[in-house]
1. Given a 1.4 Å probe and every protein chain left where it sits, what share in percent of the accessible area of the chain is carbon and sulfur?
2. Based on Cβ point charges of +1 for Lys and Arg and -1 for Asp and Glu, what charge dipole magnitude is obtained for the chain about its Cα centre, in debye rounded to the nearest 20?
3. The range 7-165: D in µm²/s via Stokes-Einstein (Kirkwood Rh, Cα pairs, 20 °C, 1.002 mPa s)?
4. Pull up all non-local amide H partners of residue 149: gap of 5 or more, or a different chain, and H-to-H distance under 5 Å with H placed in the peptide plane.
5. When the chain is treated as a GNM, springs tying every alpha-carbon pair under 10 Å, which of 36, 19, 126 comes out with the largest mean-square fluctuation?
6. Under a 5 Å amide H to amide H cut-off, with H placed in plane at 1.01 Å, what residues pair with residue 30 once short-range neighbours are removed?
7. Which of these, 85, 113, 18, has the largest mean-square fluctuation under a Gaussian network model of the chain (Cα springs below 10 Å)?
8. Work from the charge dipole of the chain (Cβ charges, +1 for Lys and Arg, -1 for Asp and Glu, about the Cα centre) and give the residue of 18, 45, 100 farthest towards its positive end.
Amino acid sequence: MRVLFLIDTLEVGGAERSLLDIIPRLRGVDPLLCQLYPGGALRQAYERAGIPVVALDLRGRYAIARAVAGVRRVARGHRADLIHSTLLRADLVARAAGALERIPAVNSFVNDSYSPRLDGERGRLLRAKYRAVRLLDRLTAPLAAAFVANSAATKAANCSALGVP
């Protein structure tokens, strides 16, 4: 199975390290990792692990339209059977690119981004931006074929916030 793994950046973080640990253990998978935005501190580690990397290095905080176009090209070139994404921006891009290319997209819930307790920790402008992003996430969630979570608590919080089973 040809899997296109999609992530925001390859900077040092939990999600980035987790993928680096998981991908080499997958049997029967021909992986390609696509990094959307600049930041490649872990790129050499992925390549040493035998995981090819394509860096789109898109400028701009989201650059969603350019990201979707780039991922569509990469997915076609890899002849991807599945797109697996990690982190919000990659999830949004995977859903759109997957739907347009008719490739199932699987998103990973790796943190509790929508905990009600976080609402009180933000100023008014930041709260408004947060709610807009959550609405976009919720509206596009049905485009994903499936979700996987790294814990029961993360699963419960994200499923509730996004309205997914």
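The values are calculated or read from the model by the stated rules, or taken from the named source; none is laboratory data. None of the values given here were measured: they were computed from a predicted structure. In this analysis, Cβ positions are derived from the backbone assuming ideal geometry, glycine residues included, and neighbour counts consider all displayed protein chains. In case anyone asks, the SASA skips ligands and DNA or RNA and just uses the protein heavy atoms, side chains included. Shrake-Rupley method; radii C 1.70, N 1.55, O 1.52, S 1.80 Å.
1. Carbon-and-sulfur percentage of accessible area, whole number: 55.
2. Dipole about the Cα centre, nearest 20: 440 debye.
3. Working: Rh = 16.3 Å.
Answer from the Stokes-Einstein relation: 132 µm²/s.
4. Those lying under 5 Å, H to H, from residue 149 are 109.
5. Of 36, 19, 126, the most mobile in the Gaussian network model is 126.
6. Answer set, sorted by chain and number: 2, 3.
7. Largest GNM mean-square fluctuation: 18.
8. 100
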